[in-house]
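The values are calculated or read from the model by the stated rules, or taken from the named source; none is laboratory data. Please read these numbers as outputs of a predicted model, since none were measured by experiment. With ideal geometry, Cβ positions are generated from the backbone for all residues, glycine too; neighbour counts draw on all protein chains shown.
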Amino acid sequence: MKTVTHWIAGKPFGGTPGASGTWGPVTDPATGEVTTQVAMGGADEVGAAVAAAKDAYAGWRTSSIAQRTAILFRYRELLDARRDDLAALITAEQGKVHADALGEVARGLEIVELACGLGAALKGETSTEVSRLVDVVSIRQPLGVVVGISPFNFPAMIGMWMFPMAIACGNTFVHKPSSKAPSASMLLAQLAAEAGVPDGVLNIVHGDEVAVNALLDHPDVAAVSFVGSTPVARHVYRRAAATGKRVQALGGAKNHMLVLPDADLDAAAEAAVTAAYGSAGQRCMAVSVVVAVGAAGDAMVPRIVERARRVRIGPGDDPASEMGPLVTKAHRDDVADYVAGAAAQGADVVLDGRDFTVEGLENGHWMGISLLDRVGTDSDAYRDEIFGPVLCVVRAESYAEAVRIVNASPFGNASSIFTRDGGAARRFQLEAETGMVGVNVPMPVPVGYHSFGGWKDSAFGDHRMYGAEAVHFYTRGKVITSRWPDPAEVAAG
Ligand code: NAD
């Protein structure tokens, strides 16, 4: 069986039974078989990783921008050449189909490319002669040791949202990936070392909440970037802030897609199916609720059914598959329970994916597509983040009622509107209480040079991921006021 150890100071670390860590299982979601043992870190491994990052910081923070840029360019090239290998690791542990995993790698690479332009991003500001012979310069400096904690659903991309920007800014980094899908992060670290990232600048500790809490409490950690579910995001935000750390903690989502009757309904249905069932619904940007206004409801449901029935479900490494399994058996069963509960709470179960399986792979974590219509906003299926291939349709009488529904959700990650009415779209982009809004775009994931983040219970902390906000998060400002005597005046006495 394969083993995955920690990665500290540029090499594999620990994972020895009997040390403070133990081993955890990693399962192939398509077969249900345990394929890998991952080392689960504790205080010792966290201590070693933070110490390595602290040691490396002095040299890295003073490395030149030219040097860091050259390393990041080499990293970009190595990653580009290994896209397929990274995608294969993602599929083997997370379950998503290969094409989707390649898309994930591409979105991560976008941030590495952004980090290659760090010289422009780190420029300061200068004011000359603010008073006689007095100049003022604002610069930004790194924070020190920064931690990133990421979820299972994007085993490569979310780490890549964090560490390329953090290290480009001169910080050193400790990554705690999800123990459900740990291997992609190891290849990312190995390639970083190959590209010339010095030992200790990028470290990995695997594990669960024990490792996370040790990182959150560690006095030498300056900042924490977190992406995961809302309850854990809230915990991370509170616990890390309690010891004065800078924190950004992105949480879960319930993304609504509002469809007006004047929309291109075929395009809207196509978009709903891709955005709801892609990656088996295990995306924080997945559409999980269609809010259909007026006649759009009766028109959308059969269109979604027709398209959803054509989605080919199978193992992620089969090129014919369009949707893979769910990450664990327990998660699959939770998702199935929501479908059962929705029926009991009055929804119309238009498509029921609970009995789906793949011949020959019956132990895989399979779930077919489910579509729930006329879902009540007080039902569990509506209120909770299901994080599976289940789309709820909620009916609204008017645009105003639909916006009220969107904004009453405690989540505020993303929302979208489908319409041909520019005025309605404009109103929605101003009124929607979500951090990201799509207009005729179901999953409005910002490009790398903008920033990613939600509102309300979908994000804690005031800086979003990547883009200019990452530079602000991973650096702190310093303002220097200086007065130099004029040599002519000095000479004249
Ligand atoms: P999770 O919250 O269970 O785990 C996230 C990370 O926290 C993992 O590294 C995990 O090991 C650690 N963790 C888990 N429980 C912990 C605890 N009690 N204390 C401390 N650390 C703990 O999330 P997940 O199931 O891996 O990922 C799915 C969730 O992530 C969904 O809610 C999804 O919406 C969210 N997500 C959000 C975004 C976003 O950008 N907002 C992006 C991707 C995923």
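Only residues that are outside any strand (DSSP E or B) and either within 30 Å of Asn213 (Cα to Cα) or of a type in the set (D, E, K, R) (or both) were counted across region 122-133, and they come to 2. Of the residues that make up region 190-202, is at least one surrounded by 24 or more Cβ atoms within 10 Å (Cβ to Cβ), modelled with pLDDT of 95 or more and within 12 Å of the ligand (Cβ to nearest atom)? So far as region 190-202 goes, no, none of its residues is surrounded by 24 or more Cβ atoms within 10 Å (Cβ to Cβ), modelled with pLDDT of 95 or more and within 12 Å of the ligand (Cβ to nearest atom).
Looking only at region 389-416, which residues are among the small types (Gly, Ala, Ser), touching a residue at least 40 places away in the same chain (Cβ under 8 Å) and surrounded by fewer than 24 Cβ atoms within 10 Å (Cβ to Cβ)? Spell out the reasoning first.
Our first condition is that a residue be among the small types (Gly, Ala, Ser); within region 389-416, this holds for 396, 398, 400, 402, 408-409, 412, 414-416.
Then drop every residue that is not touching a residue at least 40 places away in the same chain (Cβ under 8 Å), which leaves 396, 398, 402, 409, 412, 414-416.
Ala396, Ser398, Ser409, listed by residue number.
Considering region 295-345, and only residues there that are surrounded by fewer than 17 Cβ atoms within 10 Å (Cβ to Cβ), small (Gly, Ala, Ser) and under 28 Å from the mean Cα position of the chain (by Cα), the residue that is nearest to the ligand (Cβ to nearest atom) turns out to be Ala330.
Working only within region 41-89, note down all residues that are within 30 Å of Asp317 (Cβ to Cβ) and acidic (Asp, Glu).
Our first condition is that a residue be within 30 Å of Asp317 (Cβ to Cβ); within region 41-89, this holds for 41, 74-89.
Hits for region 41-89 are Glu77, Asp80, Asp84, Asp85.
May I ask you to list the residues in region 45-83 that are basic (Lys, Arg) and over 22 Å from the mean Cα position of the chain (by Cα)? Walk me through it before giving the result.
Let us first name the residues in region 45-83 that are basic (Lys, Arg), namely 54, 61, 68, 74, 76, 82-83.
Those that are basic (Lys, Arg) and over 22 Å from the mean Cα position of the chain (by Cα): Lys54, Arg61, Arg68, Arg74.
Does any residue of region 272-286 turn out to be in a loop (DSSP other than H, G, I, E, B), more than 16 Å from the ligand (Cβ to nearest atom) and either hydrophobic (A, V, I, L, M, F, W, C) or at pLDDT 95 or above (or both)? No, because not a single residue in region 272-286 is in a loop (DSSP other than H, G, I, E, B), more than 16 Å from the ligand (Cβ to nearest atom) and either hydrophobic (A, V, I, L, M, F, W, C) or at pLDDT 95 or above (or both). Here the condition is being within 23 Å of the chain's Cα centre (by Cα), without any contact (Cβ under 8 Å) to a residue 24 or more places away in the chain and within 21 Å of Tyr466 (Cβ to Cβ); of Leu86, Leu102, it holds for Leu102 alone.
Provide a single number: the residues in region 235-268 that are part of a helix (DSSP H, G or I) and either free of Cβ contacts under 8 Å to residues at least 12 places away in the same chain or within 11 Å of the ligand (Cβ to nearest atom) (or both). Summing the residues that are part of a helix (DSSP H, G or I) and either free of Cβ contacts under 8 Å to residues at least 12 places away in the same chain or within 11 Å of the ligand (Cβ to nearest atom) (or both) in region 235-268 gives 7.
Residues of region 404-435 that are part of a strand (DSSP E or B) and either out of contact with any strand residue (DSSP E or B) (no Cβ under 9 Å at 6 or more places or on another chain) or not hydrophobic (A, V, I, L, M, F, W, C) (or both): Gly412, Ser415, Ser416. Filtering Val224, Val232, Val210 for residues that are assigned by TED's automatic domain parsing to the domain that holds Thr36, within 13 Å of the ligand (Cβ to nearest atom), touching a strand residue (DSSP E or B) at 6+ places or on another chain (Cβ under 9 Å) and assigned to a strand (DSSP E or B) leaves a single hit, Val224. Of all the listed residues (Gly117, Gly95, Gly108, Gly41), the sole one being at positive phi and either in contact (Cβ under 8 Å) with a residue 24 or more places away in the chain or surrounded by fewer than 18 Cβ atoms within 10 Å (Cβ to Cβ) (or both) is Gly95.
Scan region 134-165 residue by residue and report those that are near the ligand (Cβ under 10 Å from one of its atoms), within 17 Å of Phe473 (Cα to Cα) and in a helix (DSSP H, G or I). If the condition is that a residue be near the ligand (Cβ under 10 Å from one of its atoms), within 17 Å of Phe473 (Cα to Cα) and in a helix (DSSP H, G or I), then Ile158, Trp161 are the ones that fit.
With respect to (1) small (Gly, Ala, Ser); (2) more than 30 Å from Val130 (Cα to Cα); (3) in contact (Cβ under 8 Å) with a residue 60 or more places away in the chain, the lone exception for Ala432 is condition (3).
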